[in-house]
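One structure is given below, encoded as structure tokens.
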Amino acid sequence: MPTILVGIPASPGIVVGPAHLLRWEVPEVPERSIGTREVPAEIARVHDAFASAIERLQHVRKRALEHAGPAEAAIFDVQISIIQDADLTNRVESSIRRGFSAEGAFDLVMFDLRDHFGRSPHAMMRERVDDLCDVQIRVLSILLGLPDHDPVDLPKGANAILITHDLTPSLTVQLDRECIVGIATDAGTRTSHVAILARSLGLPAVVGLLSATTRIQSGDRVILDGAAGTLMVRPNAAELAAAAQRSHRERQTHDELALIAGMESITADGARIVLRANVDLPDEVALAATSGAEGVGLMRTEFLVVGRTTMPDENEQYEAYAKVIKAFDGKPVIIRTFDIGGDKLPVGGYPHEPNPFLGWRAIRMCLDEPELFKTQLRALLRAAVHGDVRIMLPLIITVDEVRQARFLLEESARDLVARGVEHRADIPLGVMIETPAACITADALAPEVAFFSIGTNDLVQYTLAVDRGNASLASRFTPLHPAVLRLIYRTQLVGAASGIDVSVCGEMASEPLMAYALIGLGIRQLSVSAMSVPLVKRIVRGIDTTRAAEAAMAALEAGTAHAAEALLRAGLDAELPGLLGG
Ligand code: PEP
Ligand code: MG
């Protein structure tokens, strides 16, 4: 019997293939004590397991080098050196001599090391905790004879659908799109970074399935429907045929939308809506540049860091920014400074915080690490000679942060002058409006900046106190909540009164009904995932701003998100009948 698992639509597309289950968690170790006579054999088992793990890591390293790059591959050098450490071997051997089995001894020593490193006051030591955990999983899996779940050895053309709890950085760098055609995760929501990354890569994805990893076995045939947010396990012939038909219809819609990509982004009553693309990885820029977008409304630079053990230096960053800027040929490219923290973390080195989304994130971290921040700012100033670059600061809550950032930007320009390096210093500096604090004090921020960009993913999370990454709260994450709509409207009014641009770059802008609401609230610039540009353009071209404003003003006064949605839905249905479907 087929089973249908319902999750959260994260990235559209229908794909059929064998499941590749990846369980990347420390396995349970059964209790087993040994006698003195068994000691040499257990020690030999540990040595064999270490040798196999190293061989495996060398292989994974090679693949990461091919698919991601040298910095990403370095993660695995660190893990190899952990296994080769003589002290680790000595400690495991001595536990075996005390009567522990090979796996019991190794598990015990690794827990101890993780605990010790995790409590260390030194960042260098804390950096190793995630690596220790990866090594623990890998070696224990070998000792316990568990299947090797690494996705690296899938044959090309395997068309596998990766099923995993969450996509960790060390898994992300191994993703090979020639063998993985879709992603399904237990964790995550539409605005969690796995979902954002999947959309950027154009990989169909369903997240927030809660129990996919326990209900699916490797090799099970599955149909993943990224737009519906479903995963059908062991489908029958009729369901496979229906999926093929839906996929065919999706491709037709895609082709129709492709025709719209080149058309003007102008409403039925003649209002111009600037549509730009969000870019997460420099490699996506080709897709973004041909999507019909008029530039980049948000480049998330932290994806240059996520999953790496070292920060990219000034030159590496310069190359990455220049690639995106050049692809847009003079059109505006808004580059956001590092939004590291929350759920976007480099490998190791970052403090484990009880509340990462309320923690040392984004501008807070950059201002506390001025050398790291200035390296990025210098790279941006240098890359700016290639086009119309604007710099954007994330997670702003006060004017002081803007002033400090501006000071560091000016200092970076002076450094480049002193070095005699070509750059542009007159770059507009804007801020993300993604905290209630920034919305409410937008009038104080406006005179300090060149533009506002509303980040609805975080704004919704912080306004409604709903974790954007928590799958079990997904139905409470409601961007159409009147509190959110009022904050957006307020920001738009302040921007208009101050004569500065206000755009929206959160995922909300990519959703037809919500894009309609935003235009109704007076927003005239939207930045959406590259694959959503044609769809949003279709909404723009079919609506009248006066009618959209009427629906949005009514939604502002609604008592609930549900009531606001009904009002907006009625408005959009009247203008573009059938577009929203049921
Ligand atoms: C947002 O918060 O809406 C946003 C665009 O930034 P990110 O999703 O990267 O936090
Ligand atoms: Mg944000």
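Miscellaneous remarks
- Treating each Cα of the chain as one equal point scatterer and applying the Debye formula with no solvent, the log10 of I(q)/I(0) at q = 0.05, 0.10, 0.11, 0.12 Å⁻¹ comes out as -0.23, -0.90, -1.07, -1.24.
- Normalised by residue number, the volume inside the convex hull of the Cα atoms of the stretch 1-66 is 211 Å³ per residue.
- Length-normalised contact order of the stretch 271-544 in % [C-alpha pairs under 8 Å, at least 6 apart]: 20 percent
- Of all beta bridges that DSSP places with both ends in the stretch 271-544, some 5 percent have antiparallel geometry.
- Probe 1.4 Å, protein heavy atoms only - accessible area per residue of the chain in square angstrom: 40 Å²
- Helix 533-542 and the long axis of the chain differ in direction by around 20°, with both axes built from C-alpha atoms.
- Among beta bridges identified by DSSP and lying wholly in the chain, the antiparallel ones come to about 35 percent.
- Shown is the FRET efficiency for Arg246 and Thr560, computed with R0 = 45 Å from the Cβ-Cβ distance and rounded to the nearest 0.05: 0.90.
- Checking the cross-link pairs Lys62/Lys331; Lys156/Lys323; Lys156/Lys374 against a 30 Å limit on the alpha carbon distance flags Lys62/Lys331; Lys156/Lys374 as lying beyond it.
- Viscosity 1.306 mPa s, temperature 10 °C, Stokes-Einstein D of the stretch 154-265 from Kirkwood C-alpha radius, µm²/s: 104 µm²/s
- Just so you know, the Cα atoms of the stretch 271-544 work out to an Rg and Dmax of 17.7, 54 Å.
- Helix 482-498 axis, angle to the chain major axis (alpha carbon atoms, nearest 10°): 60 degrees
- Whole-percent carbon and sulfur share, accessible surface of the chain, 1.4 Å: 55 percent
- Placing one equal scatterer on every Cα of the stretch 535-582 and applying the Debye formula, the log10 ratio I(q)/I(0) at q = 0.17, 0.26, 0.29, 0.31 Å⁻¹ is -0.48, -0.98, -1.10, -1.15.
- Summarising the overall dimensions of the stretch 469-575 from its C-alpha atoms, the Rg and Dmax are 13.3, 41 angstrom.
- Tilt relative to the chain, helix 399-419 - C-alpha long axis, 0 to 90 degrees, to 10: 80 degrees
- Pairwise FRET efficiency - Asp313 versus Ala549, Cβ, R0 = 45 Å, nearest 0.05: 0.40
- Against the rule of thumb 2.2 N^0.38 Å, how large the Cα Rg of the stretch 38-143 comes out: 1.10
- Working from the Cα coordinates of the stretch 371-521, the gyration tensor eigenvalues give, after taking √(5λ), semi-axes of 32, 16, 14 Å in decreasing order.
The values are calculated or read from the model by the stated rules, or taken from the named source; none is laboratory data. Not measured: the values here are computed from a predicted model. When we count neighbours, we look across all protein chains shown, and the Cβ atoms used for this are built from the backbone with ideal geometry, even at glycine. The accessibility values were calculated without ligands, DNA or RNA, using every heavy atom of the protein model including side chains. Shrake-Rupley method; radii C 1.70, N 1.55, O 1.52, S 1.80 Å.
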